[in-house]
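Each remark here refers to the structure printed beneath this line.
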Amino acid sequence: MAVDAKRLWSLIHELPDGQSMVVADLFALGCLLHLQGHRDEGSKTCHTALQALKGSGNPRYFEDLLSALPGNEALFASQVGAHLEINRLVRQHAEKNASRPSAECEG
């Protein structure tokens, strides 16, 4: 995979403490929505989180990150430093879908 969210983690953690967790959690929740099959809503939520970083990073990186979201939701959510509870939800949903044939996955 050419793009990952490790660089996003660095950008998020340049924000003041309270803001960094909000943005990380929002991005991870967008990943969860996308993973659950709510693709438009998840993408919009991730995009909103990235807008909080406008001017902090290369816009092309943000575009590449959103383009790479399908299939990488759990990885990206784990890389941004969101709260453990949110990461647990993402991981549980990813594991539940991994045990099903793709046609049966939610969404």
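Please treat every number below as a calculation from the coordinates, not as lab data. It should be emphasised that the depicted structure is a prediction, and the values quoted were computed from it without experimental measurement. We place every Cβ from the backbone using ideal geometry, glycine too, and count neighbours over all the protein chains shown.
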Open item on the list: If each residue of separation counts as 0.36 nm, what is the full-extension length gain between residue 51 and residue 4 once their alpha-carbon separation is subtracted?
Closed with: 15.2 nm
- [ ] Taking the chain as the reference, fit the longest principal axis to its C-alpha atoms, fit the long axis of helix 17-35 to the helix C-alpha atoms, and give the angle between the two in degrees, 0 to 90, nearest 10.
- [x] 30
Task: DSSP-loop trypsin sites (Lys or Arg not before Pro) across region 54-98, with at most 14 other Cβ within 10 angstrom - done: 54
Open item on the list: Among 49, 77, 28, which one shows the highest mean-square fluctuation when the chain is modelled as a Gaussian network with alpha-carbon springs under 10 Å?
Closed with: 49
Task: Nearest-ten-degree value, helix 84-98 long axis tilted from longest Cα axis of the chain - done: 30
- [ ] Under 22 Å Cα to Cα from residue 6, which lysines show up? Leave out anything in the same chain fewer than 8 places away.
- [x] 44, 54
